[in-house]
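A.B. asks: Supplied in structure tokens, the structure appears directly below.
The values are calculated or read from the model by the stated rules, or taken from the named source; none is laboratory data. Source: prediction; values computed, not measured. Reconstructed Cβ throughout: ideal geometry from the backbone, glycine too, with neighbour counts over all protein chains shown. When the accessible area is computed, the model is the full protein with side chains, heavy atoms only, and any ligands, DNA or RNA have been set aside. Shrake-Rupley method; radii C 1.70, N 1.55, O 1.52, S 1.80 Å.
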Amino acid sequence: MFDIEWRGRRVALKAGNGKYICTKRNGQLAAVTDTVGEDEEFVLKLINRPILVLHGDHGFVCYHRNSNMLDANRSTYDVFQIIFSDGAYQIKGLGGKFWYVASNGTVCSDGERSEDFFFEFRESSRVAIKGKNGKYLRGDQAGTLRADAETLHRATLWEY
């Protein structure tokens with residue numbers, strides 16, 4: 001059994017013996033170190049998964065009808081494209097526009113430039129998504145998708 005430590009763009013794997021998995025020069029993996037350095041960090045990447053559909057506590061994530069915000073309480077879903085880049089993902093929607101986190105923590109869908117989101121695979125088929133502001137995405141009671149959760153809880157875990 002291994003524990004995963006999420007480190008932004010990278011992960012560290014801790015073995016049952018309490019030691020971190022490292023890559024030796026010959027390519028072998030071994031659980032022999034007590035601290036995390038470059039040799040103990042790995043990249044996790046979704047393979048053959050170019051699209052994203054998210055379902056949370058209140059419903060599916062969809063475009064808001066009359067604004068650039070995203071809803072997280074719909075009964076139907078919208079499909080988004082994900083692009084992997086050095087341990088992070090950019091999320092693209094309609095018209096090639098990107099998701100981004102506004103200064104108030106609202107997740108918007110009309111960005112001209114891509115913004116990194118960090119996926120943390122926490123449970124079977126559930127992911128926590130962290131914005132560039134270091135906070136987790138959640139759907140608030142009004143249905144708005146926001147990046148304002150400091151810690152993990154049920155509302156920050158998304159079926160994908």
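A.B. asks: In whole Å, what is the distance between the alpha-carbon centres of the range 112-160 and the range 4-81?
C.D. replies: One Cα centre to the other: 11 Å.
A.B. asks: Right, here's the next one. Which ³J(HN,Hα) values in Hz, rounded to whole numbers, follow from the phi angles of the range 127-141 under the Karplus curve 6.51 cos²θ - 1.76 cosθ + 1.60, where θ = phi - 60° and Gly and Pro get x?
C.D. replies: Going residue by residue, I get 10, 9, 10, 10, x, 5, 7, x, 10, 7, 6, 8, x, 7, 4 Hz, with x marking Gly and Pro.
A.B. asks: Average the reciprocal distances over every distinct pair of alpha-carbons in the range 9-160, invert the result, and give the Kirkwood radius in Å.
C.D. replies: For the range 9-160, inverting the mean 1/r across all distinct Cα pairs yields 16.6 Å.
A.B. asks: Springs between alpha-carbon atoms under 10 Å, Gaussian network over the chain: tell me which of Ile47, Ile129, Ile21 tops the mean-square fluctuations.
C.D. replies: Among Ile47, Ile129, Ile21, the largest mean-square fluctuation in the Gaussian network model of the chain belongs to Ile47.
A.B. asks: Tell me, what is the percent relative contact order of the range 49-139, built from C-alpha pairs under 8 Å that lie six or more residues apart?
C.D. replies: 21 percent
A.B. asks: Using a 1.4 Å probe and counting only protein heavy atoms, arrange Glu159, Glu5 so the residue with the most accessible area comes first.
C.D. replies: From most exposed to least exposed: Glu159, Glu5.
A.B. asks: In whole percent, and with a 1.4 Å probe on the protein chains, what portion of the accessible area of the chain is carbon and sulfur?
C.D. replies: Using a 1.4 Å probe with all protein chains present, the chain comes out at 46 percent carbon and sulfur.
A.B. asks: Along the charge dipole of the chain, which of Cys22, Trp6, Gly134 sits closest to the positive end, that is, farthest toward it, with unit charges on the beta carbon of Lys, Arg, Asp and Glu (+1, +1, -1, -1)?
C.D. replies: Looking along the dipole axis, the top candidate is Cys22.
A.B. asks: Next question. Given the pairs Lys19/Lys132; Lys45/Lys97; Lys45/Lys135; Lys19/Lys92; Lys24/Lys45; Lys19/Lys45, which span a C-alpha to C-alpha distance of over 32 angstrom in this model?
C.D. replies: The pairs that break the limit, which is 32 Å between Cα atoms, are Lys19/Lys92.
A.B. asks: Take every Cα-Cα pair in the range 90-160 and report what % of them are more than 16 Å apart.
C.D. replies: For the range 90-160, the fraction of Cα-Cα distances above 16 Å is 46 percent.
A.B. asks: I would also like to ask the following. Which residue fluctuates most in the GNM of the chain (Cα springs below 10 Å): Arg122, Arg74, Arg25?
C.D. replies: Answer for the Gaussian network model of the chain: Arg25.
A.B. asks: What Kirkwood radius, in Å to one decimal, follows from the Cα pairs of the range 1-92?
C.D. replies: By the Kirkwood definition, the hydrodynamic radius is 15.9 Å.
A.B. asks: Taking the chain as a Gaussian network, where each spring joins two C-alpha atoms under 10 Å apart, which residue of Gly27, Gly105, Gly96 fluctuates the most?
C.D. replies: Gly27
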